[in-house]
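Take a look at the structure set out below.
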Amino acid sequence: GLASFTMILSAARSCLLLVVASSLHAASAFLALPLAGVRISSAARVSSKLPVSWAAAPLPQLRSRGMVQGGLLRVSASAVFPEAMSSEDTTLGDELVRRIAAAKKGDTIVLEKGVYNLEATLEIDKQLTLTSAEGLTYRDVLIQGYAPDYYVDNGLILVTGQLENEPVIIRGVSVYYREGTKVAKSSSIRVDRGSADIQECHLYADMGSGLCVDGPTGHALVQQCRIGPCCWNGNAARLGYGIVADAGAKLRVVNSEISHCSKSGVACAGSAATQGFVSGCKIRACGISAIAAEGMNTVVQCIKLNFGVVRLDPMAEFGGGKCVFLDDSYTEWQI
């Protein structure tokens, strides 16, 4: 009797511990994916001058911490990069502003490890390269600043005035636009009638988008980047896209991971033939869709995409916009 009861109780306890351990392991895999600072060789990078032909490269993984709301994981930008809250010193940021102002066309500005706090928009109006130092990744170099608390199209970094074949190259840094803004075009990086090649970066924003490309002469190539969270605070009235192109801009997004955006992961909009190309990307946890096209003559071409949880549909078309899958398929990404 008593011995049998003890054996049954012990077996039940062992089963319970096994279930709990399995559940904790699954939760750990979901909430604490390893964050890899991925570097790719120059041979794997895509030249903005070349036709569409993308090389395969490993994708960075996303680590998220937060609460689950409505079936999607809610996280704050500060949870992804806690160092963002650790420094308000503007010494490095002020130095960066001076170096950009003094740079000549074609110069390379190398950033050492640290937090670069900006007190105003950093405008880059010439062709140059902004890169983390050798051996560093976007986990080591953070550029951050506050967004204004009113309706304004702005960016923490504003790229403007370059020709398509003379882009600003931004490589191996994190850019965090903190708090305040209420419009989608207010973003961590804004390309307004200019050209940018953004490589191996992490872009995220409290109340806006990761990247905005605007205007008929706006061009951007995004490769091997991590985008998000963008406006992922549960406030549906705020506009947060991972990447948005508008008003005739041209956008290419390659081998990148986009997640935790209050609206869509990648969106092209406007009636001026805005064009997008998205290849080899993972897109998940978006409030509307993974890919969106809005406006007559707006087309987003897609190939080799991997979709995770989105609120409505993997793709959304409005006002005559078209999403075209070149490989006639996409993969559902189960997280």
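The values are calculated or read from the model by the stated rules, or taken from the named source; none is laboratory data. For clarity, every value in this text was computed on a predicted model and none was experimentally measured. Virtual Cβ from ideal backbone geometry, glycine too; neighbours counted across all protein chains shown. Please note that ligands, DNA and RNA were not included when accessible areas were found on the heavy atoms of the full protein model with its side chains. Shrake-Rupley method; radii C 1.70, N 1.55, O 1.52, S 1.80 Å.
In the condition set (1) surrounded by fewer than 24 Cβ atoms within 10 Å (Cβ to Cβ); (2) modelled with pLDDT of 90 or more, residue 233 is compliant with all but (2). Residues in the stretch 240-262 that are hydrophobic (A, V, I, L, M, F, W, C) and either buried (at least 24 other Cβ atoms within 10 Å of the Cβ) or not in a loop (DSSP other than H, G, I, E, B) (or both): 243, 244, 245, 249, 251, 253, 254, 258, 261.
Is it the case that the stretch 257-270 has a residue that's modelled with pLDDT under 90 and among the hydrophobic types (A, V, I, L, M, F, W, C)? No, the stretch 257-270 contains no residue that is modelled with pLDDT under 90 and among the hydrophobic types (A, V, I, L, M, F, W, C). Against the numbered list (1) crowded, with 24+ Cβ neighbours inside 10 Å; (2) charged (D, E, K, R); (3) within 15 Å of residue 291 (Cα to Cα), residue 226 comes up short only at (3). Evaluate the following for residue 193: is it under 25 Å from residue 249 (Cα atoms) and at pLDDT 95 or above? The answer is no for residue 193. Only one entry in 287, 321, 280 is small (Gly, Ala, Ser), open to solvent by less than 30 Å² (accessible area, probe 1.4 Å) and at pLDDT below 90, namely 287.
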